[in-house]
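Here's the structure we're looking at; comments come further down.
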Amino acid sequence: MRVVLDTNVLISGIFWTGKPKEIINYARKGKIVFLTSEHLLKELKNILTSEQKPFKLTKKDANIILNHLKKL
């Protein structure tokens, strides 16, 4: 099965437990194929590093997350 996750689901799966986290874990285990695009990853990075959002990650930390997602 191939799955595309929107930015909100990715953020939920990265920071909290629940169904979004389970989906990401399925991709890590190879049970599903995770698909994404540069547009979605750019949007995710912008949200993770935005001063107006609660995450306020550094660009370095956001890139670490994006690199992990790209390997799924």
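The values are calculated or read from the model by the stated rules, or taken from the named source; none is laboratory data. Note that the structure is a prediction, hence the values are computed from the model and not measured. Counting neighbours? That spans all protein chains shown, and the Cβs are built from the backbone with ideal geometry, glycine included.
Pairs under 8 Å by beta carbon, first residue over 16 Å from Gly13 (Cα atoms) in region 37-65, partner of a type in the set (Phe, Trp, Tyr) and not in a helix (DSSP H, G or I), six or more apart or different chains?
Thr49/Phe55
Hydrophobic (A, V, I, L, M, F, W, C), out of contact with any strand residue (DSSP E or B) (no Cβ under 9 Å at 6 or more places or on another chain) and not in a helix (DSSP H, G or I): which single residue out of Leu41, Leu57 fits that description?
When all the criteria are applied, what remains is Leu57.
Restricting the search to region 1-36, which residues are in contact (Cβ under 8 Å) with a residue 12 or more places away in the chain and under 9 Å from the mean Cα position of the chain (by Cα)?
Scanning region 1-36 gives Leu5, Asp6, Thr7, Val9, Leu10, Ile11, Ile14, Ile24.
Hey, could you check region 10-59 for residues that are surrounded by fewer than 16 Cβ atoms within 10 Å (Cβ to Cβ) and of a type in the set (Val, Ile, Thr) and say which is nearest to Leu69 (Cα to Cα)?
Val33
Quick one: Thr36 ticks every box in (1) out of contact with any Lys or Arg (no Cβ under 8 Å at 6 or more places or on another chain); (2) of a type in the set (Ser, Thr, Tyr); (3) at pLDDT below 95 except a single one, so which number is it?
(1)
Filter region 1-38 for residues that are of a type in the set (A, V, I, L, M) and not in a helix (DSSP H, G or I) and give the result.
Of everything in region 1-38, those that are of a type in the set (A, V, I, L, M) and not in a helix (DSSP H, G or I) turn out to be Met1, Val3, Val4, Leu5, Ile32, Val33, Leu35.
Counting only residues that are more than 10 Å from the chain's Cα centre (by Cα) and exposed (fewer than 14 other Cβ atoms within 10 Å of the Cβ), which one in region 60-72 is nearest to Val3 (Cα to Cα)?
Lys71
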